Structures are given as structure tokens and as C-alpha cells.
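The values are calculated or read from the model by the stated rules, or taken from the named source; none is laboratory data. Quick caveat: nothing in here was measured; it's all calculated off a predicted structure. Neighbour counts are summed over all protein chains in view; Cβ atoms, including those assigned to glycine, are modelled from backbone coordinates with ideal geometry. To get the accessible areas, we keep the full protein, side chains included, count just its heavy atoms, and leave off ligands, DNA and RNA. Shrake-Rupley method; radii C 1.70, N 1.55, O 1.52, S 1.80 Å.
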Amino acid sequence: MPARGFLTPSQQENLQQAVRESADKHLRERALMLLLMNDGKTYQEISTFLGCAYRSVAYWCVHGDADNLESLKDKREQGNHRKVTELYVELLLDVLEKEPSELGYEFGRWSGERLATYMAEQTGIELSGKQVRRILEQKKYAYLWAKYTLEDKQDPKNRKAFQEKLEGYLEASKANPDKLQIWFWDESGFSMRVIRRRSWVKRGTRKKVTGQRSRGKVNVMGGVRYHDKKRMCYFIDKGNSTSFYEQIKKLHIFVKEEWINQGNIEDKFTSSEVKILIILDNASYHRKKDILEKIEQEMPNIQLYFLPPYSPDFNLAELVWHSVKEYIAHRLFKSVPDLQELLDRLLNDGELIIKWGRKIKNKGNAIIAS
């Protein structure tokens with residue numbers, strides 16, 4: 001151990017300045033170690049005083065250079081990958097921006113381990129997945145869920161034409177809701193239980209789960225009216241052409257009764273100016289020829305307007321389903337009737353408050369909800 005007073009006045013001043021002004025707490029602590037040793041303190045006394053390990057004190061008191069403060073910086077702060085070059089990092093970030101398929105791989109996304117393996121093949125520099133992740137974190141990258149998109153299956157021109165036409169209908173409905181009602185129509189299922197890969201268990205044990213994805217399910221078909229966000233949802237056994245026709249007929253009756261309650265004559269509803277425009281997807285049973293003919297003949301006030309393929313983001317009903325599933329995600333249900341009762345209250349009795357301006361995750365573009 002160096003003798004008491006081994007530091008020169010300039011070295012002491014240099015270390016004292018580092019203790020006062022350095023933003024690096026580790027450098028401040030190590031500079032103080034040298035100053036305390038200069039005062040005649042032993043390694044054990046310094047360790048006790050600073051509350052750090054004896055071995056740390058011994059290391060920095062031997063390797064620290066009072067004339068070179070850089071010697072007091074831990075090289076590991078730069079990452080435990082000193083062999084990594086700027087070229088390596090540049091190539092790593094370039095690879096990260098590419099899909100694995102572009103480089104001939106079948107897997108869907110890059111993990112730290114896969115990146116480390118690929119980079120080792122390309123550069124000869126071998127790192128662990130953890131080290132690669134550390135580099136990416138330093139470059140302000142985060143490992144997040146990717147956003148699901150349908151853009152590769154969509155027709156932009158078709159979507160643009162549909163959107164422009166739909167916006168015209170929506171403006172007309174806002175101005176004259178008594179003459180034009182727009183309903184966004186869809187179907188959805190709500191399960192009693194969905195599979196979860198994570199669960200609470202005691203450390204050292206692991207719970208086994210089966211491949212069963214649901215135990216009890218409630219199927220719903222219905223719509224939401226654009227101008228006042230009125231919801232009419234019906235519980236069905238299964239989505240098919242028969243249930244579709246039956247629920248459309250119920251909606252027609254509901255709108256007709258509303259019109260009659262306003263003081264109008266029932267027999268004049270069919271010939272009235274009231275038009276019901278239903279926006280819906282391209283499910284095969286929505287387009288079944290005999291069902292479309294029955295709707296046209298029996299309910300002439302209704303017009304079906306089909307979404308472009310792979311365009312659920314234009315359907316306001318998607319936001320309703322998403323909001324309901326979000327609400328019930330952490331509720332407890334003992335039976336399917338309990339779940340159905342809650343769904344009825346949320347969907348039809350207005351108990352669920354929906355933030356209509358939200359965007360739906362994994363549904364592409366923004367829902368039209370203004």
C-alpha cells in the first residue's frame with residue numbers, strides 16, 4: 001500500500017475536483033478512495049466508510065492513476081463488448097431494419113440470440129444475445145410487440161374510393177339522421193377462458209396448460225349506429241346466413257318501430273325516405289345470393305354496403321368489440337349465462353362507455369369514429 005501523503009498537491013486538487021464536479025458517481029467514489037488512502041486510511045477503513053466491497057477498494061487503489069482520471073472509469077461501462085467495432089454496430093442496426101425473410105430465413109422476427117449468431121457469421125465477432133441486446137438498448141432500441149398490419153393484402157385504390165364514398169354517406173347521415181341511418185355491422189365471440197402462457201406458480205415449479213382455448217363462448221351479431229352510437233346486438237348460436245338474415249330483420253323492425261313512435265304511419269315506412277345503410281365485411285354468408293334477394297324484397301329500406309377486402313379499420317363495430325373484450329378481460333365468470341348477462345348490459349343497455357376516438361390495436365388504420 002502506498003505511504004501516507006503519496007499524492008502531489010496537483011494530484012490531490014485533480015481528484016478533489018472530480019469528487020465535486022463529476023457526474024459519474026462511480027468515478028467520484030474511486031477518486032475519494034485515493035484521497036482517503038492518501039490520508040493514511042487502510043483498505044478496510046475505506047471499504048467501511050464508503051460502504052463498498054473490500055476488493056473494489058483494493059483494485060481501484062492499485063489501478064487508479066491520479067494523473068489520469070480515465071483510469072478510474074470502468075471499461076465495462078462501455079459495454080462488455082470492447083471487441084465490437086463501429087462497423088459491427090452499423091451492420092447490426094442495418095440488419096435490424098430488415099425482415100429475416102429478406103436474408104433467407106424462415107423465422108418471423110429477430111431475437112438477441114439470432115442477431116448474435118447472424119452477426120458472428122458475418123463479422124467473426126462472437127457476442128452473446130445479452131450483449132447484443134445491451135448494444136441495442138444503448139442505441140435507444142426496445143424489444144416491443146410488432147404492430148399487425150393487413151397492408152400487404154389491401155388494395156389502396158379500392159380503399160381510397162370506398163373511404164371517400166363512405167365519408168360522403170357519414171356527412172349526409174349527420175345532417176339528416178331521420179332520412180339516412182348508417183349502421184356498422186359485425187360478429188364477434190366472447191370466451192369464458194382464453195389460453196394464457198403465463199401464470200402464478202411457486203418458484204421452481206411450472207404449471208402445465210392444455211391446448212384448450214375456451215370453455216364456454218358467447219357469440220354476438222349486431223351493429224352500432226353512426227350518428228348517435230346506438231348499439232343493437234343479438235346473441236346467436238353460430239354465425240351463418242340464417243342467423244344473419246334473422247338479426248338484420250330484427251334491426252329492421254327496431255328502426256321501423258322508432259319511426260312509428262315518432263308519429264308516423266306504419267304502412268308508409270316502406271315507401272318513406274328512410275334509408276338504412278349497413279356497412280359490413282365480406283363474410284361468405286353476408287353475400288349469399290338468396291339471403292340478399294330476401295333482404296331486398298322484404299326490407300327495401302335496407303342497403304348493404306360491403307367493406308373493401310381486409311379493411312376492418314373502416315368498421316366502427318370493431319371498436320365496440322375491442323372495448324368490451326378489454327372491459328371483461330379481468331372479470332370473473334362462473335357460467336356462460338353470467339357472461340351473456342354482462343355482455344347484454346354492456347352492449348345493449350349502454351353500461352359500457354366507449355372512447356370513440358381511439359385507434360384499435362392490430363387493426364391497421366384508425367377507426368372512423370368522429
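Here are the numbers for the structure shown:
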| item | result |
| --- | --- |
| Subset of 229/288; 140/165; 139/359 violating a 31 Å alpha-carbon distance limit | 140/165 |
| Solvent-accessible area, 1.4 Å probe, carbon plus sulfur percent, for the chain | 48 percent |
| Accessible-area ranking of 356, 183, 110, largest first, probe 1.4 Å | 356, 110, 183 |
| Residue 65 accessible area, 1.4 Å probe, all protein chains in place, Å² to nearest 10 | 60 Å² |
| Where 359, 179 fall by accessible area, highest first, once all protein chains stay in place (1.4 Å) | 359, 179 |
| Ellipsoid semi-axes in whole angstrom, largest first, where each is sqrt(5λ) of the Cα gyration tensor of the chain | 68, 24, 22 |
| Exposure of residue 48 as accessible area (Å², to 10), given a probe of 1.4 Å and all protein chains | 100 Å² |
| Relative contact order [Cα under 8 Å, 6+ residues apart], the chain, whole percent | 13 percent |
| Residue-level accessible surface for residue 26, protein heavy atoms, 1.4 Å, Å² | 80 Å² |
| Span from the the range 112-181 Cα centroid across to the the range 39-67 one, whole angstrom | 52 Å |
| Residue 137 paired with residue 192, simple spin-label distance in nm, labels 7 Å along Cα-to-beta-carbon | 4.3 nm |
| Exposure rank, largest accessible area first [260, 253, 295, 353; 1.4 Å] | 353, 253, 260, 295 |
| Over the chain: helical MRE at 222 nm, DSSP H runs n ≥ 4 each giving -39500 (n - 2.57), nearest 500 | -13000 deg cm²/dmol |
| The range 3-65 - charge dipole about Cα centre, Lys and Arg +1 at Cβ, Asp and Glu -1, debye rounded to 20 | 140 debye |
| Per residue value of the accessible surface for the chain (all protein chains in place, 1.4 Å probe), Å² | 64 Å² |
| Derived scalar couplings ³J(HN,Hα) [the range 227-237; Karplus, 6.51 cos²θ - 1.76 cosθ + 1.60; whole Hz; x for Gly, Pro] | 6, 10, 6, 5, 10, 10, 10, 10, 8, 10, 6 |
